[in-house]
Structure formats: structure tokens, C-alpha cells
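The values are calculated or read from the model by the stated rules, or taken from the named source; none is laboratory data. Model, not experiment: these values are computed from the prediction. Ideal geometry is used to build each Cβ from the backbone, glycine not excepted, and the neighbour counts take in all protein chains shown.
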Amino acid sequence: MEQAIFAVMFRPYSMKRALLYLVMLLMVFGCQRHFQYPPVLQEADSLCVTLPDSAVALLKSISDDMQQAPEFVQMRYKLLTIKANDKAYINHTSDSLILSLVDYYEHGGDPAYLGEAYYYAGSTYRDLGDAPRALEYYQKALDAMPGDENLKVKSKVYAQMGDLYGRQDLTQEALSSYRNSYKSDLILNDTAGMIYNLRDIAYTLRRLNQVDSAFCYLRQANTLSSLYYGDTLLSNLVTSQIAALYSAVGIYDSAKYYIQPSLEHISRTNLSSIYSIASNLYYRIGQFDSVRYYDSLILKYGDQQAKLYAYYKQAIIASSQKRNKDAISFMKDFFLLNDSVQSTIDTENLARMSTLYNYQLRERENAKLELENEKYKKMVIAFTGSFIILLLVGAFLIIIVRKKQLESRLRILRLKDNWEILCKTSEEEKQKNMKEIEMLNARIAELDESNISQKLLAENLQAELIEHNRQIDSIREQNAKKMLMLYSSDIYKTIQIKITNEKHLTDKDVTDLENLLNEVYPNFIPTLLQQGRISKQDYIMCLLMKFNIPYTNIATLTSHQRNAITNARTKLRKRFLGENSTLEDFDNLISSL
């Protein structure tokens with residue numbers, strides 16, 4: 001072959017033609033360039049997934065050797081260094097290295113690693129708090145990996161995009177990204193990846209108030225984790241979230257059943273979350289000794305948000321038990337930590353807005369560099385200065401509003417818990433459970449002895465749903481008895497007579513109302529008064545609302561116009577539940593006390 005090539009090149013042609021053949025030959029060999037990497041780099045790449053700390057140590061040990069290696073090997077080494085640090089949860093502090101790698105792989109480097117370089121550029125900007133640029137590079141990574149190429153990297157890209165969208169409250173976009181990540185892991189048959197995806201999808205659906213769908217995804221994740229033997233961390237990740245969801249909807253026996261395995265295998269990465277779920281569960285069912293135990297662990301090992309709520313719960317418990325000194329101490333710790341947390345949140349919000357603005361400005365300037373003259377640039381600068389001032393003023397107002405909202409949320413935290421439980425005791429919820437029980441009956445009948453684990457899981461779930469329906473019936477029966485006591489009372493009959501005759505309530509009538517409500521709903525009036533000062537008109541209105549008296553009749557009984565009653569409800573709604581609530585939310589809250 002070589003002889004034939006040289007024979008063609010050195011025939012008695014002109015020197016110009018000979019040079020042309022030589023250039024063509026070099027181009028052919030250049031196009032067939034192969035990238036062969038040292039085995040040690042392949043070993044480090046494998047360790048990045050399983051033992052990232054070991055990968056970091058290995059890469060450091062060969063750093064001197066890499067300085068003498070070819071450029072493509074050095075670049076692969078640098079990319080692996082970034083990957084190992086990322087896997088070992090070592091935050092990126094600068095974008096200079098990754099940008100040099102991106103430039104290299106965009107202009108002639110091994111094309112197999114361009115998508116990965118984009119991915120770690122996105123991860124770098126994620127750590128630097130620049131969400132827009134992180135999302136930009138994540139999208140470039142996806143564009144560089146069409147079809148089913150590099151599915152492992154694509155799955156990570158989608159998952160990271162979901163996290164970033166979630167932090168920006170772009171919930172639908174986060175849900176779409178998590179589902180795309182799940183599709184990639186499904187093709188790869190990556191069980192662990194699918195479990196994480198299902199967990200994230202369920203959490204996002206819960207934020208969208210799609211509780212039933214969230215339960216379905218968590219059950220699917222639980223089934224997969226039961227097949228993924230030996231990884232208690234992964235299993236606990238799922239069962240703890242199931243426990244949290246059951247606790248949120250008031251099915252406490254099931255919540256305790258699912259949280260127990262997680263409490264037996266705590267790790268550094270999940271202890272704050274699991275201890276918080278357990279503490280909140282026992283707080284809701286009134287087992288304060290258990291709450292105190294788990295809150296003590298949170299205060300020792302947990303993150304700031306978990307500690308903040310732990311201080312608050314302990315202050316409430318101490319107050320209810322007449323331990324005033326402890327209550328004051330816990331509230332003092334709560335306010336001190338709250339100031340720190342709020343300061344951090346405010347700083348992050350300002351940084352996020354500043355980052356978003358800087359990103360938009362950077363894109364705008366890049367597009368206009370070749371199109372606009374000096375005069376127009378000065379106008380842009382002037383506009384930018386004004387925009388920054390408005391942005392800072394807006395940020396300051398946001399801080400004030402959010403501080404007020406936080407104070408309001410803390411005041412009604414216990415009220416909302418009761419309200420959420422009541423909302424789940426409807427006939428519609430019971431019918432849904434009955435349909436699911438019937439489906440499970442059919443499923444259990446289909447399963448034979450070879451599917452004993454699935455059969456047992458279905459039977460457990462069926463038992464939970466039956467118990468839930470029993471709780472619904474019990475709560476409804478209790479509510480019916482209480483309403484019967486109200487409607488059969490003398491004061492209720494007096495109210496109806498006064499409505500018919502268009503008379504207003506006397507002080508004695510109000511006293512009779514209070515006495516009856518204290519007997520039937522002993523916590524109603526104390527809880528109402530705990531929210532701060534309330535006018536006599538608003539107080540009487542709330543008492544009558546508890547009797548389900550129509551608002552037109554409330555106006556008659558209190559000698560007011562109906563619009564005055566509506567205004568009073570609006571005022572209390574904002575005070576109790578915040579600006580984003582509705583009048584229906586306020587009415588449901590009064591009914592649930």
C-alpha cells in the first residue's frame with residue numbers, strides 16, 4: 001500500500017502536483033485521528049461514580065505526570081478533576097477552568113466529551129448562583145447529545161435543570177425536566193436513577209397540590225427500592241417521603257409505619273429531613289416526648305430551616321404545658337435564628353435578582369455590540385442605572401412583604417394543619433379510597449405465591465386505605481354530633497326567630513353563643529383570640545359563621561350592611577392567611593377550628 005502511494009506521488013509530474021498529493025495524504029490521516037487515553041484516567045472516571053473521594057485523591061496523585069502528557073490527555077484529566085469534585089460535593093468556585101475546557105472541546109477536542117463539558121459548565125454556574133447561565137449550558141449539553149447518545153449525562157442534565165427550575169418556583173418546568181430524566185434512566189434501566197426521579201416528580205406534584213398523583217409515584221418508587229437490595233439510604237429516601245405525605249394528609253398510623261425504617265438507618269445526608277418528618281408527625285398527633293427527642297437531634301445536627309421549626313414547636317409545647325420559662329427561651333432562640341435565616345433568604349433573593357438582571361444585560365449587550373452606535377449605548381447605560389434603582393426599591397419592598405407574610409404564617413401554622421386534615425375527610429376522598437380498595441382486591445387475587453412481596457405490599461396498602469376510611473367516618477360522625485348539638489340548642493332557635501323578625505342579637509344572646517361553643521368546640525374561641533386583638537363585630541361574626549349562618553342574616557343580626565360583613569371577612573382573611581388566600585379559604589378555616 002505504502003509503495004503504491006509513493007509510486008503515485010513521485011511520478012515525473014511537476015513539483016506542484018507532488019505537494020498537492022502530500023497535503024491530501026496528511027488530511028486523510030488527520031481526519032482519522034484517534035484519542036487514546038491512559039488506563040488510569042479510565043479508572044478515575046469509574047471511581048467518580050462509585051467512590052468520588054477516591055477519584056479526587058487518585059487524580060491529585062497523577063497531577064505531575066499529566067503535565068508531560070499530550071494536550072488531549074491533559075484536557076481529559078482537567079475535565080475528570082471537575083467531575084470528581086462535583087461528585088464529591090466540592091463546590092465550584094470559579095468558571096475559568098471549565099470555560100477553557102468548553103472552548104477546547106468546541107474547537108477540535110474529542111467531540112465525545114463536548115456534552116459533558118457543557119454539563120459541568122452548567123454545574124459550575126449552578127454552584128456560583130447564576131441560574132440563567134447554568135440553564136443555558138445545560139441546554140447546550142442536551143443539544144450536543146442528540147437522540148439516545150450519552151443518556152447518563154442527559155439524565156443528570158434534566159435532573160439538574162429540574163432542581164434549578166424548582167428553586168425559581170417554575171414548578172411545571174421542573175416537573176417536565178424530572179420526567180425527561182426518568183425517561184433517560186428508564187432506557188438505561190438505571191433503577192437507582194429512576195427512584196430519585198420518581199421521588200422528585202412526587203415532590204413536585206405535591207407542590208402542585210396533586211396529592212393522589214404524588215402517592216402513585218412514591219408507591220412506584222417504593223416498589224423499585226424494594227427490588228434494589230442493599231441500599232438502605234435509597235430505600236429510606238422513598239419511605240421517609242411517603243411518611244411525610246401520609247402525615248400531611250392526616251393518616252398518621254401509615255406515616256409512623258413508613259418513617260420507622262428511615263429512623264433506623266440515618267445517614268449524614270438525610271438526617272435533617274428524616275428527623276424533621278418524624279418530629280412533625282409526632283407533633284401533629286400530640287406525642288410531645290417524641291417531638292422533644294427528635295427536635296433535640298435536629299438542634300444538634302440539623303440544618304437551619306429544620307432548627308427554626310424545632311424551636312417554634314418546642315416553644316408551643318412548653319407554653320401549652322405551662323413551662324413559661326422554657327417557652328420564652330425557645331422563642332428567643334427562634335427569633336435569633338429566624339433573623340439569621342431571613343437575612344440569608346433576603347441576600348439570596350437579591351443575589352438571584354441581580355444574577356438574572358446581569359444575565360439579561362449581558363445578552364442584550366452582546367446582541368447590540370455590532371448594531372448600535374455610541375449615542376445609543378449611553379442611552380442603554382442610563383436606562384440600566386434607572387432599572388437597577390427600581391430593582392433595588394422593588395427588592396426592598398419584597399423583603400418587607402415577605403417578613404410580614406412569615407409572621408402571619410407562623411401565627412396560623414397550627415390552624416392550617418387542622419384545616420388540611422378536615423379537607424381530606426370528604427365523601428369524595430372516601431369514594432376514591434373505595435375504588436382503590438376494589439382495584440387492590442382484584443390485584444391481590446391475580447398475584448400468586450411467586451409474587452409474595454407485591455401481594456404483601458398491596459395488602460398493606462389496602463389496610464391503610466380501609467383505616468383511612470374508618471377515620472373519615474369517625475371524624476364525620478363526630479362533626480355531625482356537634483352540629484346536631486348546635487342546631488338543637490335554644491340559642492340557635494332564638495337566632496332563627498330574630499332572623500325572621502329582623503332583630504339584632506343582645507349581649508345575653510352573644511353570651512349564650514359563647515357558652516354553647518365553649519361546650520361543643522372548646523378550642524374554637526381560645527384559638528380565635530390567640531391571633532391578636534379582634535373587634536367585637538368581627539368576633540360576633542366569627543361566632544355566627546361557626547353556626548353556618550348565611551352572611552345576609554349575619555348582617556341583620558349585627559345591624560350592619562352585607563358589604564360590611566364582606567369587608568370584615570376580607571380583613572380577617574388577609575390577617576390570618578395572607579394576601580394569596582381567598583374568602584373560601586377563610587370560611588373553611590373557621591369551620592375547621
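Here are the numbers for the structure shown:
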quantity: Enumerated helices (runs of 4 or more DSSP H) restricted to the stretch 84-165, each holding at least 1 residues that are surrounded by fewer than 20 Cβ atoms within 10 Å (Cβ to Cβ) and in contact with a Leu (Cβ under 9 Å, 6 or more places away or on another chain); calculated: 96-106, 131-143
quantity: Qualifying residue in the stretch 564-577 (condition: closer than 19 Å to LYS503 by Cα and part of a helix (DSSP H, G or I)); calculated: yes
quantity: Meets criteria (surrounded by 14 or more Cβ atoms within 10 Å (Cβ to Cβ) and at pLDDT below 80) for VAL291; calculated: no
quantity: Number of positions in the stretch 570-587 that are under 25 Å from GLU519 (Cα atoms) and surrounded by 16 or more Cβ atoms within 10 Å (Cβ to Cβ); calculated: 3
quantity: Selected residue (only one of SER235, SER247, SER254, SER226 is over 27 Å from THR124 (Cβ atoms), more than 15 Å from the chain's Cα centre (by Cα), surrounded by 17 or more Cβ atoms within 10 Å (Cβ to Cβ) and touching a residue at least 60 places away in the same chain (Cβ under 8 Å)); calculated: SER254
quantity: Checking GLU514 against (1) at pLDDT 85 or above; (2) more than 44 Å from the chain's Cα centre (by Cα), the condition it does not meet; calculated: (2)
quantity: Single unsatisfied condition, SER262 versus (1) in contact with a Ser or Thr (Cβ under 6 Å, 6 or more places away or on another chain); (2) at pLDDT below 85; (3) surrounded by fewer than 20 Cβ atoms within 10 Å (Cβ to Cβ); calculated: (3)
quantity: Single residue of SER267, SER279 found to be at pLDDT 85 or above, more than 23 Å from LEU461 (Cα to Cα), among the small types (Gly, Ala, Ser) and not assigned by TED's automatic domain parsing to the domain that holds GLN462; calculated: SER279
quantity: Some residue of the stretch 216-224 being aromatic (Phe, Trp, Tyr) and at pLDDT 90 or above; calculated: yes
quantity: Qualifying residue in the stretch 472-485 (condition: under 34 Å from the mean Cα position of the chain (by Cα), farther than 25 Å from ILE540 by Cβ and surrounded by 17 or more Cβ atoms within 10 Å (Cβ to Cβ)); calculated: yes
quantity: Total residues in the stretch 299-309, condition at pLDDT below 85 and among the hydrophobic types (A, V, I, L, M, F, W, C); calculated: 2
quantity: Residue ID - farthest from THR552 (Cα to Cα), chosen from residues in the stretch 465-505 that are assigned to a helix (DSSP H, G or I) and of a type in the set (Asp, Glu); calculated: GLU467
quantity: Selected residue (only one of LEU447, LEU513, LEU465 is farther than 30 Å from GLN431 by Cα and in contact with a helix residue (DSSP H, G or I) (Cβ under 9 Å, 6 or more places away or on another chain)); calculated: LEU513
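Results for (1) in contact with a Ser or Thr (Cβ under 6 Å, 6 or more places away or on another chain); (2) under 30 Å from ARG268 (Cα atoms), shown as yes or no for each residue.
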{"position": "PRO70", "(1), (2)": "no, no"}
{"position": "LYS78", "(1), (2)": "no, yes"}
{"position": "ALA88", "(1), (2)": "no, yes"}
{"position": "HIS92", "(1), (2)": "yes, yes"}
